[in-house]
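Heads up, the thing below is written out as structure tokens.
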Amino acid sequence: EDVWERVMQTNFLGPVFMMKMALDGSFFVPGGHVVNVSSGYGMLDKLPPDLRDRIETLVRNKDLDGILQVSSDREGCSSLPAFAEEMARANREENQRSGGPLIPQGNGFPVHKLSKCLLNAATRVM
């Protein structure tokens, strides 16, 4: 199991499957709601344009299966590492100016960002 799989299972697939179970009626009385509390880290506008457009189309089409597919499509997410590096550079510059904390970097950074965006997209569809 690698970083991609662990991050997707923890940050995206686990919460989505819990929401699906909750929405099938076994946990809530009629009229119940699922609320996903997240941060700006899951905003789609922070993704590379090609990936953002792909996910936005899936949300518009209410395609939860398509969103789930993105979580395992590493080739389709090939723009993430370069984009993450550009975000990290801009973030370092901003944090030097403001003295704020850095966004996590390293091997898990691009997939962590994507997992949060996919969870937000899935929540909008559900």
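The values are calculated or read from the model by the stated rules, or taken from the named source; none is laboratory data. Just so it is clear, the model here is predicted, and its values are computed rather than measured. Here the Cβ positions follow ideal geometry from the backbone for every residue, glycine too, while neighbour counts run over all protein chains shown. Keep in mind that these areas ignore ligands, DNA and RNA; they rest on the heavy atoms of the full protein, side chains included. Shrake-Rupley method; radii C 1.70, N 1.55, O 1.52, S 1.80 Å.
Summary table
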| item | result |
| --- | --- |
| Single unsatisfied condition, residue 41 versus (1) within 11 Å of the chain's Cα centre (by Cα); (2) open to solvent by less than 60 Å² (accessible area, probe 1.4 Å); (3) at pLDDT 75 or above | (3) |
| Residue in segment 106-120 that is loosely packed, with under 13 Cβ neighbours inside 10 Å, within 15 Å of the chain's Cα centre (by Cα) and modelled with pLDDT of 85 or more present | no |
| Qualifying residue in segment 52-66 (condition: at pLDDT below 70, of a type outside the set (Val, Ile, Thr) and closer than 23 Å to residue 6 by Cα) | no |
| Residues being outside any loop (DSSP other than H, G, I, E, B), touching a residue at least 60 places away in the same chain (Cβ under 8 Å) and either of a type in the set (A, V, I, L, M, F, W, C) or over 20 Å from residue 85 (Cα atoms) (or both) - total across segment 34-55 | 3 |
| Failed condition for residue 19, given (1) open to solvent by 70 Å² or more (accessible area, probe 1.4 Å); (2) at pLDDT 75 or above | (1) |
| Residue, modelled with the highest pLDDT, within segment 67-84, restricted to residues that are loosely packed, with under 14 Cβ neighbours inside 10 Å and of a type in the set (Gly, Ala, Ser) | 72 |
